[in-house]
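Visitor: This is the structure I have questions about; it appears just below.
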Amino acid sequence: MDSTISDLKDLITAASISLSPAIAWLTFYSLWREKRRERLSSIRQRLLEVKEEMEYIGNWARAEYNEESSHDDNWHNPFWQVKDFPSRQIENFNREIFPSEVGRSLSDALVQLEAAIAQFRTLLEKHRKFLQDGFITYNQKAKDRSSSFYFLPPAKWLAELYRLNKEIHVKGIGSSINPKGLHSSWIKASKELDPAVSKLSLIKSPKFICAGHLLAGVIGVIGLGFIVAFFYEALSYIL
């Protein structure tokens with residue numbers, strides 16, 4: 001009798017030891033899955049914010065400009081200039097979201113878009129500085145002693161103004177044959193964005209999760225085997 005009771009104690013102890021890691025893993029996995037769900041939801045929301053910002057940038061990026069045929073009379077006008085646009089959502093996304101979370105193709109496309117935006121802004125700043133210096137240099141006070149000023153730049157200055165404006169459009173925005181321009185970068189990122197949003201929930205679990213399931217399953221089966229043996233031994237003892 002003492003031997004049977006000792007065997008029952010050993011069986012229940014073995015079952016407890018075997019099942020504890022499996023239960024701990026299930027608890028961990030449940031918490032991990034909830035955090036993962038929250039993370040994916042957060043990334044999806046960030047992607048939608050990026051998409052909204054990109055749709056606005058499309059007002060600049062949709063059109064194509066090339067060296068041979070692009071022209072606009074406003075490019076001679078010192079009182080006309082290309083405005084900037086917001087891109088904070090894209091910049092923050094590139095710094096805070098890992099490529100593995102959204103896919104390398106989208107991540108690379110958004111990094112390229114950010115680089116194209118930076119190039120575009122460099123050209124805008126170059127144009128702004130040229131205008132600023134020109135207004136300082138070529139502003140002339142009216143001869144009638146009034147407080148009026150006239151802006152009378154020479155033709156050479158206006159030609160350079162035209163060149164800078166054309167550079168913003170041809171180099172900064174560009175066309176489909178310019179992969180580093182705003183147009184091509186925006187097109188590429190736009191094409192990658194929607195599939196990334198729809199595939200976000202389909203991203204596979206890390207390998208350690210699969211390995212953990214396998215190991216916990218094996219240990220759990222062993223623990224259940226000890227429990228079955230315990231009840232079998234107990235029934236045999238009772239009967």
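The values are calculated or read from the model by the stated rules, or taken from the named source; none is laboratory data. Note that the coordinates shown come from a computational prediction; the quantities given were computed from them, not determined experimentally. Ideal geometry is used to build each Cβ from the backbone, glycine not excepted, and the neighbour counts take in all protein chains shown.
Visitor: Taking the conditions exactly as written (closer than 30 Å to Asp72 by Cα, among the hydroxyl-bearing types (Ser, Thr, Tyr) and at pLDDT 85 or above), does Ser175 satisfy them or not?
Guide: So Ser175 passes the test.
Visitor: Only one residue in Glu34, Glu53 is part of a helix (DSSP H, G or I), surrounded by 12 or more Cβ atoms within 10 Å (Cβ to Cβ) and out of contact with any Cys (no Cβ under 6 Å at 6 or more places or on another chain), so which one is that?
Guide: Every option except Glu53 fails the conditions.
Visitor: Please specify each residue of segment 76-100 satisfying the condition of being of a type in the set (D, E, K, R) and part of a helix (DSSP H, G or I).
Guide: If the condition is that a residue be of a type in the set (D, E, K, R) and part of a helix (DSSP H, G or I), then Arg88, Glu91, Arg95, Glu96 are the ones that fit.
Visitor: Which of the residues that make up segment 32-88 are β-branched (Val, Ile, Thr) and either at pLDDT 95 or above or more than 27 Å from the chain's Cα centre (by Cα) (or both)?
Guide: Val50, Ile57, Val82, listed by residue number.
Visitor: Going by what's in this entry, would Leu215 be described as under 27 Å from His71 (Cβ atoms) and assigned to a helix (DSSP H, G or I)?
Guide: Criteria not met by Leu215.
Visitor: Checking Glu68 against (1) closer than 23 Å to Gln119 by Cα; (2) in a helix (DSSP H, G or I), only one condition comes out false. Which one?
Guide: (2)
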